[in-house]
Each structure stands twice: as structure tokens, then as C-alpha cells.
Amino acid sequence: MPAARRPRLDTPRAIAYLRERDATLGAIIDRVGRLQRARRGGDGNYYAVLVRAIVGQQLSTIAARTIHTRLLDHFGGHDPTPQQILQASTEDLRAVGLSGAKVGFLRSLAEHVLSGELELERLPELSDEEVIAELVAVKGIGEWTAHMFLMFELQRPDVLAVGDLGIRRAVQLAYGLEKMPAPKELTAIGEPWSPHRTLACLYLWASLDNTPA
């Protein structure tokens with residue numbers, strides 16, 4: 001069954017809270033206006049989401065989409081199951097454009113799911129920290145991917161993507177820093193935004209599209 005539609009993160013109360021806690025972020029909110037990506041949520045097929053995330057690592061959007069489409073085509077136009085990934089030969093998976101490392105990452109994901117080490121259906125019940133620990137135990141899934149999963153698939157409201165280059169660049173520009181903040185510095189800057197740090201990240205990403213040339 002399709003996943004239930006989740007409410008928007010950019011409620012008037014959340015926006016007012018961020019404005020009150022941080023004038024710099026408040027100015028970004030005013031400049032950006034209504035967010036386009038404040039509500040998202042797929043069909044609950046978390047396995048397919050993670051497969052797509054692995055395929056797209058360190059690739060441009062166009063390249064990632066092309067290789068993912070080839071992967072789907074190889075499996076008859078649908079998302080491969082863990083069993084199908086493990087049964088496919090390395091040669092066939094490499095032929096769609098996957099690197100050898102990514103073939104290994106997809107197999108690690110499949111093995112974790114089939115063994116029960118990663119129970120995807122339980123992830124919505126876990127805390128943010130528990131979800132991150134479950135995901136990064138899979139070879140090839142790091143903290144950044146776990147943060148994106150929390151934000152966009154589970155719609156968790158208080159996630160700060162400290163390793164995201166876009167967030168770090170947006171904070172550098174907005175706060176007049178000499179260089180992009182390290183994760184520890186970004187965590188300190190973003191502390192006042194809690195418990196709405198996901199929303200703050202969405203505005204920071206959007207600010208990069210609204211930065212004067």
C-alpha cells in the first residue's frame with residue numbers, strides 16, 4: 001500500500017520559531033518564500049530508495065538517472081529485489097554502468113535485508129540515531145545517505161546534514177564565513193534551529209538558488 005501522505009514541515013509555527021531563534025536564517029526564509037520540497041515521501045519502498053542512493057553516489061543527476069534506468073531495464077523495468085541483486089552476475093551489473101565497488105555495495109544491502117540485519121519496515125519506529133546506525137552498517141551507505149533518508153523518506157523534523165556540501169556552502173555564504181564550516185562548527189551554528197533543523201536545511205538548500213550573482 002502507498003505510504004500515507006505526510007504533513008509539510010514548513011508549518012507557520014515552525015517558520016516563526018526559526019525566525020525568532022536566528023535572524024540570519026529568518027532573512028533567508030523571507031527571501032526564499034514558500035518551499036517547494038517541504039513535503040515529500042515515496043511509496044514506502046525503502047529498499048528501492050537505498051538502491052537508487054547507492055547507484056547515484058558521486059555521480060551527476062543525469063548520469064545517476066541513466067544508470068538507474070539501465071538497472072531497472074535489466075530487471076524488466078522494475079526495481080530489483082534483494083534476491084535478484086544477489087543472483088545477478090557481476091558482469092551483468094557492471095554492464096549497466098555500475099562500478100565494481102557499487103556492485104559490492106548493492107550486494108551488501110541485499111545481504112543485510114535478506115539476513116534480517118536491516119529490517120527496513122521497522123525503520124519508522126526507530127529513533128534518528130538508531131536509523132543512522134542501522135543504515136551505516138551496510139557497506140557503501142554513509143552518514144550523508146542516512147541523513148537524506150531520514151529527511152526525505154521518514155520526514156524526520158530535526159536532522160542537520162552536517163556533511164552536505166550544499167548546506168555547508170549555504171551557511172558559509174549566509175553567515176559570512178571565510179570557509180565552509182566543518183561538521184562540528186555547523187552543529188554549533190545549527191543548535192538554535194532544533195527541533196526544526198530539517199526545515200532549516202531545506203531553506204539553506206533553497207537559498208543557493210536565490211543567491212545574488
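For the chain, what is the mean residue ellipticity at 222 nm derived from helices alone (per DSSP H run of n ≥ 4: -39500 (n - 2.57); sum divided by total residues; nearest 500 deg cm²/dmol)? If you can, show how the numbers build up before the last one.
Details: 12 runs with 117 residues, N = 213.
After summing the helix terms and dividing by the residues of the chain, the value is -16000 deg cm²/dmol.
Taking the chain as a Gaussian network, where each spring joins two C-alpha atoms under 10 Å apart, which residue of Q84, Q155, Q58 fluctuates the most?
For the chain, modelled as a Gaussian network with Cα springs under 10 Å, the answer is Q58.
Straight distance only, please: which lysines reach the Cα of K102 with their own Cα at less than 20 Å, same-chain residues fewer than 8 apart left out?
By straight Cα distance, K102 reaches K139.
Can you give me the P(r) profile for the chain? Cα pairs, bins 5 angstrom wide beginning at 0, each as a whole percent.
1, 7, 14, 17, 17, 15, 12, 9, 6, 2, 0, 0
Roughly how tilted is helix 61-74, in degrees to the nearest 10 and between 0 and 90, from the longest Cα axis of the chain?
For 61-74 against the chain, the angle is about 30 degrees.
To the nearest 10 degrees, how steep is helix 12-21 against the longest Cα principal axis of the chain, on a 0 to 90 scale?
60
Most fluctuating residue of A182, A64, A48 in a GNM of the chain with Cα springs under 10 Å: which is it?
Maximum fluctuation in the GNM of the chain, among the listed residues, is at A182.
If one puts a single equal scatterer on every Cα of segment 31-124 and applies the Debye formula without solvent, what log₁₀ I(q)/I(0) results at q = 0.20, 0.22, 0.23, 0.25 Å⁻¹?
-1.00, -1.17, -1.25, -1.40
Quick check: the angle from helix 197-208's long axis to the longest principal axis of the chain, C-alpha only, nearest 10 degrees?
Computed tilt is about 80 degrees.
Given the options E134, E191, E143, state which has the largest fluctuation in a GNM of the chain using a 10 Å cut-off (strictly under) for Cα springs.
Maximum among the listed residues: E191.
With only Lys, Arg, Asp and Glu charged, each at its Cβ (+1 for the first two, -1 for the last two), find how big the charge dipole of segment 50-120 is about the Cα centre; round to the nearest 20 debye.
Details: 6 positive and 7 negative charges, 61 e Å.
Approximately 300 debye in magnitude.
Can you compute 3J(HN,Hα) from phi for each residue in segment 99-107, using the Karplus curve 6.51 cos²θ - 1.76 cosθ + 1.60 with θ = phi - 60°, rounded to whole Hz and x for Gly and Pro?
6, x, 5, 5, 4, x, 5, 5, 5
Enumerate by residue number the trypsin sites (Lys or Arg not before Pro) in segment 104-179 meeting two conditions: DSSP loop (anything except H, G, I, E, B), and at most 14 other Cβ atoms within 10 Å of the site's Cβ.
On the way: sites: R107, R122, K139, R168, R169, K179; in loops: K139, K179.
Filter output for segment 104-179: K179.
Give me the 1.4 Å probe accessible area per residue for the chain, excluding ligands and nucleic acids, in Å².
Working: 11140 Å² over 213 residues.
With all protein chains present, the chain gives 52 Å² per residue.
Roll a 1.4 angstrom probe over the protein heavy atoms and tell me the percent of accessible area of segment 29-135 that is carbon or sulfur. Don't jump to the answer; show the numbers that get you there.
On the way: 2690 of 5770 Å².
C and S fraction of accessible area: 47 percent.
Using the charge dipole of the chain (Lys, Arg: +1 at Cβ; Asp, Glu: -1 at Cβ; taken about the Cα centre), state which of T66, L98, L35 has its Cα farthest towards the positive end.
Of the candidates, L35 comes out farthest on the positive side.
The values are calculated or read from the model by the stated rules, or taken from the named source; none is laboratory data. These figures come from a predicted structure and were not determined experimentally. Glycine also receives a Cβ, built like all others from the backbone with ideal geometry; neighbour counts cover every protein chain displayed. Ligands, DNA and RNA are excluded from the accessible area calculation, which covers all protein heavy atoms including side chains. Shrake-Rupley method; radii C 1.70, N 1.55, O 1.52, S 1.80 Å.
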